[in-house]
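All remarks here apply to the structure that follows.
The values are calculated or read from the model by the stated rules, or taken from the named source; none is laboratory data. What you see is a predicted model; the values in this text were computed from it and never measured. Here the Cβ is made from the backbone with ideal geometry for all residues, glycine too, and neighbour counts use every protein chain on show. With ligands, DNA and RNA removed, areas are computed over all heavy atoms of the protein, side chains included. Shrake-Rupley method; radii C 1.70, N 1.55, O 1.52, S 1.80 Å.
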Amino acid sequence: MQRRTALSLLAAHVASSPLFAADDDLYGPINIHEFEDVAKRKLHKLAYDFIAGGVEDERTLKANRAAYGHWELVPRVMVDVTNIDTSTELFGVKMDSPILIAPTGGKELVMPGADEVVAKAALKSKTVLCSATGARKLLDDGEPLNWWINGIGQPTREQAANFAKRTEDAGGKAIVLTVDNAYQSNRDRNNRNRFDYGMMGRGVPKPGEEVKPVNPATPAMWKPHTPNLTWDYIDWVHGASKLPIILKGILAPEDAELAVKRGASGIVVSNHGGRQLDGVIGTLDALPSVVEAVGGKIPVLMDGGIRRGSDILKALSLGAKAVLVGRPPLWGLASFGQPGVERVLWMLAAELKLSMGLAGQTRLSTLTKRLVRKSA
Ligand SMILES: Cc1cc2nc3c(=O)[nH]c(=O)nc-3n(C[C@H](O)[C@H](O)[C@H](O)COP(=O)(O)O)c2cc1C
């Protein structure tokens, strides 16, 4: 796909999305939104709400999507865009496209063995999987999965060192430390469904099936996760391992500066997909000041609300080195299993390439913030 023209790319996209494909056919959904529609039909309400939902009034969730609306592209023309190259490299891993799979827990509500299925899709799509399963092996030895292992750092020196060691032993290429997870958040949809995290170990609920809460007296909120996690964690990891440590959940430029100072190797600008604190800035809006604070010293990635290739183009133009997607692969997974995840990743990559061609851009390294402006 590397050297195809924008036109042939679009033709391939249309040809592989027959207009009359059935809804339950892999080629039925023509965009990520339609994948979500199929997933919603196939999932139990409790599972759909767990994935789709945000925290409280879902203002943060909406802010993520809204930001792609008020940042607008200002395309260039009369540029030879016959060859468009979206390849990139991150911490020694080469990728055809700057789109990674974000860590998402709870996939067992979608299908049995879901983590392995997504890992296979990541391998086939030649992208990086940020795994939320800890350092548990996901694929057979010898399969060259590029994976970063996500943790919510258990805040002692010993636990940090153990986690780093287990990540290395499992072949993880980086540690993604989630830093916005001090407490279990207050998710209205889950509370309304009497969702309990204990439900996750009990198989995939069928749509319409009655699911009894494990402990209806305790809504899944307020539980402390890492209220005492501090910057020392980075030193503790580095004392035990040379793995890069990437902090996920940075929004404030002050924290971005501290991350650089304290030795983080990368940052993910993220608000956890609107799932932690409500009323928070959309990630695309937060990105420019974080990029400025970092000053090119370490790569800045971002996630939150990406549903289109043009969303990705905006993020990259504002200084993101790559993006992560959380819900879209889950919609692909719930719709059609492994091929669904691959199709979703392919669709986003194809849309990005086409958007670049139509914006007069041929490579990621020359994208600049001049390509976007914030509407009044
Ligand atoms: C079902 C679900 C589970 C998630 N679990 C985790 C997790 O275990 N660790 C983490 O750092 N982020 C987690 N996230 C947040 C994602 O990594 C990512 O930041 C977010 O989904 C990006 O927004 P998007 O879904 O709009 O792409 C989760 C998100 C979802 C939707």
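The Rg/Rh ratio of the stretch 223-357, with Rg taken over Cα atoms and Rh as the Kirkwood radius over Cα pairs, comes to 1.01. Roughly what % antiparallel, to the nearest 5, for the DSSP beta bridges in the chain? Given both bridge residues lie in the chain, the antiparallel proportion sits at roughly 20 percent.
Can you tell me how much longer the chain between V93 and V79 gets when fully stretched, taken as 0.36 nm per residue apart minus their C-alpha distance, in nm with one decimal? Each step should come with its number before you reach the end.
Values: separation 14, 0.36 × 14 = 5.04 nm, distance 2.97 nm.
Value of the extension gain: 2.1 nm.
Considering only GluC sites (Glu not before Pro) in DSSP loops that have at most 13 other Cβ atoms within 10 Å, the longest stretch of the chain without any of them is 1-208. Qualifying trypsin sites (Lys or Arg not before Pro) in the stretch 50-127, where qualification requires a DSSP coil assignment and no more than 13 other C-beta atoms within 10 Å, comprise R76.
Using only alpha-carbon positions in the stretch 169-270, the gyration tensor eigenvalues give semi-axes of 34, 17, 12 Å once each is multiplied by 5 and square-rooted (largest first).
Checking the cross-link filter: which lysines have an alpha carbon closer than 16 Å to that of K297, excluding same-chain neighbours under 8 positions apart? Straight-line reach from K297, under 16 Å: K261, K321.
Amide hydrogen proximity for A174: with H placed 1.01 Å from N in the peptide plane, the residues at 5 or more positions away or on another chain lying under 5 Å are I149. For the stretch 99-143, the dipole from Cβ point charges (+1 on Lys and Arg, -1 on Asp and Glu) about the Cα centre works out to 140 debye, to the nearest 20. P(r) tail, the stretch 282-376: Cα-Cα pairs separated by more than 15 Å, 62% of all pairs.
Charge dipole (Cα centre; +1 on Lys/Arg Cβ, -1 on Asp/Glu Cβ; no other charges) of the chain amounts to roughly 340 debye.
Averaged over its residues, the chain has an accessible area of 45 Å² per residue, based on protein heavy atoms and a 1.4 Å probe. Helical runs (DSSP H, four residues minimum) scored at -39500 (n - 2.57) apiece and divided by the length of the chain put the mean residue ellipticity at 222 nm at -11500 deg cm²/dmol. For the stretch 101-205, the list of chymotrypsin sites (Phe, Trp or Tyr not before Pro) that fall in a loop by DSSP and count at most 14 other C-beta atoms within 10 angstrom is empty. Alpha-carbon geometry of the stretch 115-249: the Rg and the Dmax are 17.2, 50 Å, given in that order.
So what are the chain's ellipsoid semi-axes, whole angstrom, largest first, if each one is the square root of 5 times an eigenvalue of the alpha-carbon gyration tensor?
Semi-axes, largest first: 30, 27, 20 Å.
Cross-link partners of K314 among lysines, defined as those whose alpha carbon lies under 19 angstrom from its own and excluding same-chain residues fewer than eight positions apart: K62, K353, K369, K374. Contact order for the chain, expressed relative to its length and based on alpha carbon pairs under 8 Å spaced 6+ residues apart, stands at 26 percent.
Show me the helices of the chain, taken as full DSSP H stretches, that run 24 Å or more along their long axis by Cα and average -1.0 or above in Kyte-Doolittle hydropathy. Flagged H segments are 327-358. Structural size metrics of the stretch 243-290, computed from C-alpha coordinates, are Rg and Dmax of 10.8, 34 Å. The loop-placed chymotrypsin sites (Phe, Trp or Tyr not before Pro) in the stretch 65-115, going by DSSP, that have at most 15 neighbouring Cβ atoms within 10 Å of their Cβ come out as F91. Using the beta-carbon distance between H225 and N31 and R0 = 51 Å, what value does 1/(1 + (r/R0)^6) give for FRET efficiency, to the nearest 0.05? My answer for the efficiency is 0.90. K45 sits among other residues whose Cβ lies under 13 Å from its own Cβ, and their net charge, with Lys and Arg +1 and Asp and Glu -1, is +4.
Semi-axes of the equivalent ellipsoid of the stretch 86-173 are 21, 17, 12 Å, computed as sqrt(5λ) over the eigenvalues of the C-alpha gyration tensor in descending order. If I take R0 = 30 Å and measure r between the Cβ atoms of A252 and A376 in this structure, what FRET efficiency does the formula 1/(1 + (r/R0)^6) give, to the nearest 0.05? So the FRET efficiency works out to roughly 0.75. Projecting the Cα atoms of G296, A320, S310 onto the charge dipole of the stretch 283-327, computed from C-beta unit charges around the Cα centre, puts S310 farthest toward the positive end.
The residues neighbouring K206, those whose beta-carbon lies less than 13 Å from its own, together hold a net charge of +2 under the Lys/Arg +1, Asp/Glu -1 convention.
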